[in-house]
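Remarks on the structure that follows.
Rule-based calculations on the coordinates, nothing more; no lab input. From a predicted model like this one, the values you see are computed outputs, not experimental measurements. Cβ coordinates were reconstructed from backbone atoms using ideal geometry, including for glycine residues, and neighbour counts include every protein chain displayed.
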Amino acid sequence: MANLTLRNLTKSYGSTQVLHGINLEVGDGEFVVFVGPSGCGKSTTLRMIAGLEEVTSGEVLIGDRVVNNLEPKERDIAMVFQNYAIYPHMSVKKNIAFGLRSSSLSKPDKEKRIQEVAEILSMVPLLDRKPNALSGGQRQRVAIGRAMVRDPAVFLFDEPLSNLDAQLRTQMRLEIKKLHQRVGNTIVFVTHDQVEAMTMADRIVIMKDGHIQQVGTPAEVYHMPENAFVAQFIGAPSMNMLSGTLTVDGVALDAGTRFQTSQTSGTPQDVMVGVRPDDLTLEAGNPVVSGIVTVREPLGHETLIYVDTPSGEIIAKASGKTPPEVGAHVTLSADLENLHVFDAETGLALR
Amino acid sequence: MTATEIRPTTAAALETKAPPKPRNMGQIIRWLLLFLGGIAMVMPIAYMISTSLKWPHEVYNVNLIPDEPTLENYLYVLEDGRFYKWFINSIIIATLTTISNLLFDSLVGYTLCKFKFPGRQIVFIAILSTLMIPTEMLVIPWYLMSQSFGWLDSYWGIMFPGLMTAFGTFLMKQFFESVPDDFIEAARIDGLNELQIWWTVAMPLVKPALAALAIFVFLGNWTAFLWPLIVTNSVEMYTIPVGLSGFGDEADVAWELIMTGAAISTIPTLVVFLIFQRFIIRGVVMAGLKG
């Protein structure tokens, strides 16, 4: 086990720079999730940690060693791929044993280690099967087993759950989290799914266009997003954004509503006011915006309503049992503390 | 169309139903073309076997069933010591060439496919461009080369032009494209060197391509005529096609013996095909990936 440090990490392909100085400290045994839209550089970063991509500039440290110029096998890492990459011509056991090829363990010790891993992943009955006789979830478990068997300093997961169906994904998510609690290795996990990031991570790293947008615990990035991108990326459905102006008196929404905020500005400043659908209520309170219900999406315990307002389409959550009718005029209220104010130009949170 | 005309489409209904009758001219023409194609394929083989069972005086009769079938030709060919020698020559040459092609074509194909290095495309195009030069143009340089190296009338002389082929390299490169990089990267992380990755990970994943290539190369070398004819001088070094062509004397070609030899010489090709065709099952590669 070891901590992982990225220092001013950059990556360029020819003249195109795709990573712009990534700095990050991952603690020993920490579970860190990189999340962001496709093309944000999260997988590239992971591959640079693995040694599958060359580092253009900056440093990758595993433990105290700078590993920039080390081969992947010398870095004491293991990686689980999106496509599992378990070898179809080898049995499950051989696949797992493959991770131990370059290990100095004796044969009985290797055998013991394979058994241990198979037991942890409840794969003992599957050991003699070929991958094509396994389900998607089982294959993913084999891939995890092959990584685990080496007891690496750092586990790298490259979108390992995206090929699984929704139910299996939820199940594997839980299994990986339990596994982490049990083995305690440092994990870097890449996903584009913010739910995965929120549910699994000790800390989330949100990336966009080769820059880190925010690093924080799931609660921090959800409740205190540092910019409008993080605010909208984390949480589903996305945070609503309403344009307005910040003055000495507080915020005046373009839709007409005014309310006091802790932030003020001497000169009028264009802002975006963000409010999560969960925080908008149909009950009386501080009215934020009103409009006409255009679509309802019943989810059982609640109903998503899409409301056409002067500020554009706003999503809110309503009761699952008695949601407003389509066409009804509704006023959406929110607690002032749940409103997030962002600079309209830079997108940065104003606090 | 009325409801009663709708044909049953469930599996059970299809099984119990007789084969559908040709509906229109298009279908009849298609079947006719396939039938003619089939005839064109089968007739030469039928005549080869038929001729091998005929007496010399009957060879120029076009009848497919010999009037007086005989195995005399087979006895003659098998008792003729030269045929064995040619047979063994052909086996050695075709087998070694096949092994060489499987190894080196795939090694080059793999390198061109999975390694990014400057000039990669140029190398690939250069290899491909050799496909456009006909063998007839190459035999003279090959001959001069063999002569100056002292390879004339030797196994090496017969084999060297075919030990690697541009076609095989191209075929293998294309197949390696279907091997996901994840497999290779996973092996790299697991600590294999590049040669081990090629051998233990990539090669097993392209078995269907290797089988196809083995069949092509074996058959190509088994039936090769022009170059072995040119490079060999002594009867002992002949391959089957070269040897067979010499059956008979200047006045008369002994077709019945040539056809007998040809019939016997198809046996190894059938064996090779039967061994390798079971590997030609696509989709093996996909089994380890997402399900």
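When N is the residue count of chain A, what does its C-alpha Rg come to as a fraction of 2.2 N^0.38 Å?
Its radius of gyration relative to the 2.2 N^0.38 Å reference: 1.18.
Where the eigenvalues come from the Cα gyration tensor of the protein assembly as shown, what are the semi-axes √(5λ) of the equivalent ellipsoid, largest first, in whole Å?
The answer is 69, 33, 24 Å, longest axis first.
From the Cα trace of the stretch A:237-343, what convex hull volume per residue do you get, rounded to a whole Å³?
Spread over its residues, the Cα hull of the stretch A:237-343 gives 83 Å³ apiece.
Tell me, B:84, B:76 in order of fewest to most beta-carbon neighbours within 10 Å?
B:84, B:76
Please find the FRET efficiency linking residue A:13 to residue B:103, where r is the Cβ-Cβ separation and R0 is fixed at 30 Å, and quote it to the nearest 0.05.
So the FRET efficiency works out to roughly 0.30.
Which order do the peptides A:159-172, A:291-304, A:189-202 come out in when sorted by mean C-beta neighbours inside 10 angstrom, highest first?
Ranked by mean Cβ neighbours within 10 Å, highest first: A:189-202, A:159-172, A:291-304.
Could you check which residue among B:122, B:29, B:240 shows the biggest mean-square fluctuation in a GNM of chain B with a 10 Å Cα cutoff?
Evaluated over chain B, the most mobile residue of the options is B:29.
Starting from the 7 Å offset along Cα-to-Cβ, what nm value, one decimal, do you get for the label separation of residue B:36 and residue A:178?
Modelled inter-label distance: 6.8 nm.
What does the charge count around residue B:155 come to, taking other residues whose C-beta lies under 15 Å from its C-beta (Lys +1, Arg +1, Asp -1, Glu -1)?
Counting the neighbours of residue B:155, the net charge comes to -1.
Compute the relative contact order of chain A as a whole-number percentage, counting only Cα pairs closer than 8 Å that sit 6 or more residues apart in sequence.
In percent, rounded to a whole number, it is 16.
Using Cα-Cα distances under 8 Å and only pairs 6 or more residues apart, what relative contact order does the stretch B:148-238 have, in percent?
After rounding, I find 48 percent.
Taking every pair of alpha-carbon atoms in chain B, what share in percent sits in each 10 Å bin, from 0 to the bin with the longest distance?
Binned Cα distances yield the sequence 5, 19, 23, 22, 17, 10, 3, 0, 0.
Hey, which of these cross-link pairs are over 21 Å Cα-Cα: A:94/A:130; B:173/B:207; A:11/B:116; B:54/B:85; A:73/B:114; B:114/B:207?
The answer is B:54/B:85.
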